1. At 0.36 nm per residue, minus the direct Cα-Cα distance, what do ASP18 and VAL168 gain on full extension? Give it in nm, one decimal, please.
2. Report the local net charge at PHE41: Lys and Arg +1, Asp and Glu -1, summed over other residues whose C-beta lies under 15 Å from its C-beta.
3. With +1 on each Lys and Arg Cβ and -1 on each Asp and Glu Cβ, how big is the dipole of the range 78-129 about its Cα centre, in debye rounded to the nearest 20?
4. Obtain the nm distance between the two label points defined at ASP301 and LYS40 by a simple spin-label model: each point lies 7 Å from its Cα along the Cα-to-C-beta direction.
5. Report, to the nearest whole %, how much of the accessible area of the range 26-115 belongs to carbon and sulfur atoms, 1.4 Å probe, protein only.
6. Report the Rg/Rh value for the chain, based on alpha-carbon coordinates and the Kirkwood definition of Rh.
7. Over the heavy atoms of ASP18, what accessible area does a 1.4 Å probe trace out, to the nearest 10 Å²?
8. Just to verify a number: what accessible area does ARG144 come out at with the full protein assembly present, 1.4 Å probe, Å² rounded to tens?
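The values are calculated or read from the model by the stated rules, or taken from the named source; none is laboratory data. Computed from a predicted model, the values in this text were never measured in an experiment. Neighbour counts are summed over all protein chains in view; Cβ atoms, including those assigned to glycine, are modelled from backbone coordinates with ideal geometry. Heavy atoms of the whole protein, side chains included, go into the accessibility calculation; ligands, DNA and RNA do not. Shrake-Rupley method; radii C 1.70, N 1.55, O 1.52, S 1.80 Å.
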Amino acid sequence: MAVENETPITVTSPLLPDPDDLNKLLKEIWATKWITNNGKFHEQLENALCKYLKVPYISLFTNGTLPLLTALQALRVSGEVITTPYSFVATTHSIWWNGLKPVFVDIDPSNCGLDPDRIEAAITPRTTAIMPVHCYGKPCDGARIQQIADKYGLPIIYDAAHAFGVEVEGQSILNWGNLSTLSFHATKVYNTAEGGALVMHDESMKKRIDYLKNFGFESETEVVAPGINGKMDEIRAAIGLLNLQHVDTCIEARHQVAIRYREALRSVPGIRFFDDMPGVKHNYSYFPIFVNAEEYGMTRDELYAKLKSHGILGRRYFYPLISQFDTYRALPSAAPENLPNATRIANEVICLPMHHLLSDSDLNRIIDLVASPQTA
Ligand code: T4K
């Protein structure tokens, strides 16, 4: 029976700085009256993130979508871009907004990232880039995707919106490919309220991207590229500096939630989830479960509705597939027959609540409901 006065449990909850700590930084900003355009906190945050993320260069943005748009501009991508239908819609929108054609390729169910076995068949003479997503922060098969990119001379732009702090064998996966994008949205492991970044390998690319995110200005009177306004302001940078001090604690709390879910749900027939991958430092950004209706005795949508009726607001990330939205549905690569794994998984997934503030009693409420499909 649904209990009406239970407090809703949302899929996530943002890491927030102590308001007093933030106030100190706000007073500094107020004193200097420098609130955006490469301020002091902006510079400090770029340096601090390079160190934390183990990346050589980073450029901050005002959200996680502008880095995608800008990356395609920076690499002068044209024609067709190979990408995944199993992501947040911003991934494909960034391709479309650049006047390019997205070509959807199916995913590998073991990590929900692009399936390297299917990429080559989608490459045409018009293909000029590959845009994979480290979905849920799970690393794609980077080595194989890179091999294919090298064979055809294609750049790779990783949408790493979910992959803050993820490492393989001690190396940041943000260093893979040509460019990686991050989102620091409120719903992410690490946030600046709204925000994002591009990670690059060298100083000249950092310079180009810094121009592009500032209307293309090289100096007061020189515009060297058709840029946009993507700059992060000082208030967000201040939030980012404070949140960076607590993000490790937050990730560890999420890790403990993942451990509890796995222990409790491992023996439930028809429920699949991801385990940690060997050698990978995960960030536990999401906890997706995949419902096999026949074995579980209930469809994904029935479980979703049941949880909702109990105030548990899991989310179906990523249903519907991007390829099923009106804008993209007519593309030949959007046909469900071309995307069997993504189509099936989009119908099986629910991301259970996953954040650093989930209490034991909240976790027990969720687990009890998911583990007992026979109860209403
Ligand atoms: N690439 C990928 C792979 C992405 O996943 C995303 C964004 C992007 C690119 C683009 O990055 P951004 O431009 O957004 O930085 C959310 C986010 O808006 C979006 O950032 C995210 N991916 C996507 C997966 O999820 P919604 O519409 O599901 O969020 P919303 O507002 O329903 O929030 C979910 C829950 O989070 C709420 O029920 C409660 C909690 N919440 C949310 C907000 C905004 C809070 O507690 N506080 C808050 O301020 O899209």
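1. Computed gain between ASP18 and VAL168 is 50.8 nm.
2. Net local charge, PHE41 excluded: 0.
3. Here the range 78-129 has a charge dipole of around 260 debye.
4. If labels sit at ASP301 and LYS40, their model points lie 5.6 nm apart.
5. 58 percent
6. 0.98
7. 80 Å²
8. Rounded to the nearest 10, the figure is 90 Å².
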